[in-house]
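Following: one structure in structure tokens, then a few remarks.
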Protein chains: 2
Amino acid sequence: MGMNAEADTAALRRGAAEPQGAAPVAGRNLLFLREEELRLAQDLLFFGYRDFTAVADQLLVELNMGRAHHRVLHFVGRRPGITVGDLLAILSITKQSLGRVLQPLVEDGYVVQTPGASDRRQRLLALTDKGAALERRLFERQRETIMRAYREAGPTAVEGFRRVMRGLMGNEARDLLKLLEDEPQDGGRRR
Amino acid sequence: MGMNAEADTAALRRGAAEPQGAAPVAGRNLLFLREEELRLAQDLLFFGYRDFTAVADQLLVELNMGRAHHRVLHFVGRRPGITVGDLLAILSITKQSLGRVLQPLVEDGYVVQTPGASDRRQRLLALTDKGAALERRLFERQRETIMRAYREAGPTAVEGFRRVMRGLMGNEARDLLKLLEDEPQDGGRRR
DNA sequence: CTTATGGGTCAGCATCGTTGACACAAATGC
DNA sequence: GCATTTGTGTCAACGATGCTGACCCATAAG
């Protein structure tokens with residue numbers, strides 16, 4: 001299964017009016033770049049993301065929390081010891097917006113802040129047991145959704161999904177993603 | 001680098017893979033269903049969707065509109081002649097929330113409402129030329145993003161991406177998606 | 001010692017989602 | 001033919017989550 005259709009036909013790129021209707025699927029050159037296919041991608045992203053987030057939202061409502069809380073729990077869980085600054089970069093929100101969500105999470109004992117060892121201005125974030133437990137409950141919901149989608153689609157499709165999703169990101173997001181994927185327990189974030 | 005105990009325990013807790021009891025895909029391992037892989041999926045969806053929507057947001061800000069406006073323009077453009085009720089189902093929001101966005105779009109001449117032929121209570125929605133032009137400008141932005149991702153990933157990956165995204169949706173969303181993919185039911189422009 | 005940086009916080013505002021209640025015209029049922 | 005249901009609009013109030021501007025503190029760096 002060859003991937004990589006690097007050859008870019010300028011005609012297709014510029015959305016030259018492709019024939020609709022009886023488009024042969026056999027050839028599968030760069031047909032997947034037709035306008036209709038790209039519009040479909042918009043739809044897929046909308047519905048997919050909408051339903052993916054919806055499953056966790058149900059639980060959040062019961063806890064009087066919002067999606068913003070979930071995002072914090074998720075990324076702090078992903079990267080225990082993360083700095084506030086890095087978290088802000090990941091979420092792409094302002095300090096004030098984060099504060100409004102983070103503060104209650106700390107007060108309610110879901111997240112702990114500890115001064116950085118090398119830089120005591122930092123407040124390194126981590127989940128408490130309580131926070132980890134909640135994050136896990138939220139994860140279990142989405143896990144079901146993702147697992148079903150992955151299992152039905154199969155490994156090859158999953159690999160393709162990953163490639164496309166990475167491609168949708170900007171360079172900055174790709175770097176942030178690497179941060180999350182790294183194994184080191186306490187990545188030496190230099191400043 | 002001070003060691004972070006919480007990081008270690010969290011990492012350990014996450015380590016174990018657990019192949020679930022479903023029938024294995026013929027001859028293939030299910031490693032892509034490990035917890036770490038599923039967490040990665042969460043990250044990918046977050047960053048991917050975030051950056052995908054961000055490109056259009058820039059333009060929207062200049063026009064004093066929000067993402068909600070874009071969604072309406074998109075789906076009305078996808079389905080000219082769509083009823084208010086169907087649009088509500090697609091967006092999964094309330095009549096009131098839609099009204100706040102739709103009303104200005106109509107007043108500013110981006111969308112037109114025409115009484116239904118068979119049911120005159122309905123207000124069938126369609127884009128005006130002005131609306132179609134705006135929707136196209138927004139689309140062009142996202143088109144670049146999707147096109148790049150698709151081209152870099154290749155046809156096989158794109159097919160996989162589609163399969164996974166469909167799998168993430170609930171049944172209801174899948175039905176709605178079919179509605180959008182159906183042959184255009186006339187009612188307006190098509191480039 | 002001075003300045004830059006990581007982080008917090010107050011005040012106010014915008015967007016976009018919610019519920020509840022009510023209005024009205026047209027379709028539909030009996 | 002009248003009662004009910006349905007499709008849509010709308011008012012009022014509230015909640016979650018973004019934003020900007022301004023200012024503070026503690027610590028790091030030069």
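The values are calculated or read from the model by the stated rules, or taken from the named source; none is laboratory data. The structure displayed is predicted, hence computed values, not measured ones. Cβ placement follows ideal geometry from the backbone for every residue including glycine, while neighbour counts extend to all protein chains displayed. When the accessible area is computed, the model is the full protein with side chains, heavy atoms only, and any ligands, DNA or RNA have been set aside. Shrake-Rupley method; radii C 1.70, N 1.55, O 1.52, S 1.80 Å.
Odds and ends about this structure:
- Screening A:L44 against (1) away from DNA strand C (no atom under 14 Å from the Cβ); (2) more than 25 Å from B:E36 (Cβ to Cβ) leaves a single unmet condition, (2).
- Within the range B:41-64, if we keep just the residues that are away from DNA strand D (no atom under 15 Å from the Cβ) and more than 7 Å from chain A (Cβ to nearest Cβ), the residue that is farthest from the chain's Cα centre (by Cα) turns out to be B:L63.
- Taking each residue of the range B:114-129 that is farther than 17 Å from B:L88 by Cα and looking for partners that are more than 11 Å from DNA strand D (Cβ to nearest atom) and part of a loop (DSSP other than H, G, I, E, B) with beta-carbon atoms closer than 7 Å, six or more apart or interchain, yields B:T128/B:G109; B:T128/B:Y110.
- Evaluated against (1) in contact (Cβ under 8 Å) with a residue 60 or more places away in the chain; (2) more than 13 Å from DNA strand C (Cβ to nearest atom); (3) more than 15 Å from A:M65 (Cα to Cα), A:R137 falls short on exactly one condition, (3).
- Matching residues in the range A:85-106 - criterion: being within 10 Å of DNA strand C (Cβ to nearest atom) and either of a type in the set (D, E, K, R) or touching a Leu at 6+ places or on another chain (Cβ under 7 Å) (or both): A:D86, A:L87, A:L88, A:A89, A:K95, A:L98, A:R100
- In the range A:133-155, the residues that are open to solvent by 20 Å² or more (accessible area, probe 1.4 Å) and within 7 Å of another protein chain (Cβ to nearest Cβ): A:R148, A:R151, A:E152, A:P155
- Criterion violated by A:G109 - all others in (1) within 16 Å of DNA strand D (Cβ to nearest atom); (2) at positive phi satisfied: (1)
- Qualifying residue in the range A:141-157 (condition: small (G, A, S) and either part of a loop (DSSP other than H, G, I, E, B) or within 16 Å of DNA strand C (Cβ to nearest atom) (or both)): yes
- Scanning the range B:58-93 for residues that are of a type in the set (D, E) and at pLDDT 95 or above yields one hit, B:D86.
- Search result, residues across the range B:86-125 that are of a type in the set (G, A, S) and over 17 Å from B:L177 (Cβ atoms): B:S97, B:G99, B:G109, B:G116, B:A117, B:S118
- Residue that is within 13 Å of chain A (Cβ to nearest Cβ), in contact (Cβ under 8 Å) with a residue 24 or more places away in the chain and farther than 30 Å from A:A157 by Cα, where the choices are B:V72, B:V101, B:V111, B:V84: B:V72
- Leading residue by the ranking (modelled with the lowest pLDDT) among those in the range A:165-178 that are within 7 Å of another protein chain (Cβ to nearest Cβ) and over 24 Å from A:A56 (Cα atoms): A:G170
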